[in-house]
Amino acid sequence: MRIKRKSISIKELAAIVSNKLNESGIDAILVGGACVSIYTKNKYLSSDIDFVSAASIKEISPVLLDLGFERKSSRHFEKKDCPFFIEFVSPPAALGSEPVKETNVLKTRLGDIILLTPTDSVKDRLAAYYHWNDPQALEQAMLIARSQKISLREVKRWSEKEGHKEKYNAFVNMLKRRK
Amino acid sequence: MLEGLFGNIIIEKILFFLSVYGEGYPLGIARVFGVPVNRIQQQLKRLENGGIVASRLVGNVRLYTFNPRFPFLKELKELVARAYEFVPKKEKEIYYRIRKRPRRPGKPL
């Protein structure tokens with residue numbers, strides 16, 4: 001399948017790429033900002049579509065080339081007139097020091113997307129806030145928490161294990177204030 | 001020491017450097033070890049692609065640190081620190097005792 005529309009949505013493109021990878025026998029999990037866009041119905045719009053796959057870039061490349069993408073760096077693909085970059089983040093799929101244990105499957109008319117659960121997507125964004133003090137990542141975590149049903153108990157357990165209890169409390173307090 | 005594991009001596013030097021100093025930029029690391037900067041850049045890129053280090057721009061300088069989101073960071077740091085114990089004292093004095101505390105511009109070193 002060739003991607004022709006300039007106005008393609010992040011969800012549509014993620015579905016096309018996921019489907020194509022799946023057809024080639026490659027498992028990939030959607031992570032990062034694209035999950036935020038999907039879970040918040042584009043309240044935050046990412047320009048990156050990040051996947052984690054155990055397959056090698058050598059195996060992945062032909063699939064992306066077939067979709068009209070060009071390999072721009074070791075792990076990153078672009079397509080002229082396409083507003084999104086596709087990156088294959090180095091495996092394993094992890095949330096801080098823990099592996100991703102559970103994924104969500106989003107069914108779309110263009111194919112299924114395997115992605116982080118909303119709770120893990122919050123952890124993924126909070127990891128960037130905890131480790132880099134990135135305010136955008138905190139904002140994205142809040143957007144997901146307000147748009148989706150998440151387990152705050154699980155986020156709290158994970159945050160404490162990561163050694164960021166205080167920053168978790170700041171996140172929860174901001175979440176309460178905005179409700 | 002860890003050269004066999006990491007595939008080359010430059011990676012070992014970079015990991016010791018980051019373990020001791022916390023952060024570094026390619027030219028600075030290259031000067032400390034007296035190796036060409038492109039060799040350091042090449043290996044930093046390899047480590048960054050693997051998610052082991054992360055970089056950010058500070059002014060015009062790309063500064064590298066261990067990637068706090070690398071899932072095996074604790075274990076890697078422990079391994080590097082353990083290997084560092086075996087670095088000869090003389091080598092530690094040459095490469096790993098560089099002044100890092102602030103110094104007002106104009107003051108003689």
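The values are calculated or read from the model by the stated rules, or taken from the named source; none is laboratory data. Predicted model only: the values in this text are computed from it and were never measured. Every residue, glycine as well, gets a Cβ built from its backbone with ideal geometry; the counts of neighbours run over all protein chains shown. Keep in mind that these areas ignore ligands, DNA and RNA; they rest on the heavy atoms of the full protein, side chains included. Shrake-Rupley method; radii C 1.70, N 1.55, O 1.52, S 1.80 Å.
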**Request:** Could you tell me whether any residue of the stretch A:51-65 is in contact (Cβ under 8 Å) with a residue 12 or more places away in the chain, in contact with a His (Cβ under 7 Å, 6 or more places away or on another chain), more than 14 Å from chain B (Cβ to nearest Cβ) and not in a loop (DSSP other than H, G, I, E, B)?
**Result:** no
**Request:** Identify, by number, the condition in (1) in a helix (DSSP H, G or I); (2) within 13 Å of chain A (Cβ to nearest Cβ) that B:Ala81 doesn't meet.
**Result:** (2)
**Asked** Residues of the stretch A:93-142 being touching a strand residue (DSSP E or B) at 6+ places or on another chain (Cβ under 6 Å), without any contact (Cβ under 8 Å) to a residue 60 or more places away in the chain and part of a loop (DSSP other than H, G, I, E, B), which ones?
**Response** A:Thr117
**Message:** I'm trying to understand the selection: among the residues of the stretch B:19-67, which are in contact with a helix residue (DSSP H, G or I) (Cβ under 8 Å, 6 or more places away or on another chain), touching a residue at least 24 places away in the same chain (Cβ under 8 Å) and among the hydroxyl-bearing types (Ser, Thr, Tyr)?
**Reply:** B:Ser19, B:Tyr64, B:Thr65
**Complete:** Of the residues in the stretch B:40-75, those that are facing another protein chain (nearest Cβ under 9 Å) and assigned to a strand (DSSP E or B) come to B:Ala54, B:Arg56
**Prompt:** Mind checking which residues of the stretch A:78-120 are within 14 Å of chain B (Cβ to nearest Cβ), over 15 Å from the mean Cα position of the chain (by Cα) and open to solvent by less than 30 Å² (accessible area, probe 1.4 Å)?
**Reply:** A:Glu98
**Message:** List the residue pairs whose Cβ atoms are under 9 Å apart, where the first residue sits in the stretch A:17-43 and is at positive phi, the second is among the hydroxyl-bearing types (Ser, Thr, Tyr), and the two are 6 or more positions apart or on different chains.
**Reply:** A:Gly32/A:Ser46; A:Gly32/A:Ser121; A:Lys41/A:Ser147; A:Asn42/A:Ser9
**Asked** Within the stretch B:1-25, how many residues are within 9 Å of the chain's Cα centre (by Cα) and either of a type in the set (Ser, Thr, Tyr) or part of a helix (DSSP H, G or I) (or both)?
**Response** 12
**Asked** If you check A:Pro83 against the conditions, is it at pLDDT below 95, under 26 Å from B:Arg46 (Cβ atoms) and not in a strand (DSSP E or B)?
**Response** no
**Complete:** Condition set in contact with a Lys or Arg (Cβ under 7 Å, 6 or more places away or on another chain) and farther than 14 Å from A:Asp124 by Cβ, scope the stretch A:34-63, selection surrounded by the most Cβ atoms within 10 Å (Cβ to Cβ): answer is A:Val63
**Asked** Going through the stretch A:144-179 one residue at a time, which ones are free of Cβ contacts under 8 Å to residues at least 60 places away in the same chain, outside any helix (DSSP H, G or I) and of a type outside the set (Ser, Thr, Tyr)?
**Response** A:Lys149, A:Ile150, A:Gly163, A:His164, A:Lys179
**Prompt:** Is it the case that the stretch B:29-39 has a residue that's more than 14 Å from chain A (Cβ to nearest Cβ), buried (at least 17 other Cβ atoms within 10 Å of the Cβ) and touching a strand residue (DSSP E or B) at 6+ places or on another chain (Cβ under 9 Å)?
**Reply:** yes
**Prompt:** Given the structure, is A:Ile16 more than 14 Å from the chain's Cα centre (by Cα), within 14 Å of another protein chain (Cβ to nearest Cβ) and part of a helix (DSSP H, G or I)?
**Reply:** no
**Complete:** Only unsatisfied item for A:Asp124, checking (1) surrounded by fewer than 18 Cβ atoms within 10 Å (Cβ to Cβ); (2) within 12 Å of chain B (Cβ to nearest Cβ), is (1)
**Request:** Mind counting the residues in the stretch A:137-175 that are away from chain B (no Cβ under 14 Å) and open to solvent by 40 Å² or more (accessible area, probe 1.4 Å)?
**Result:** 17
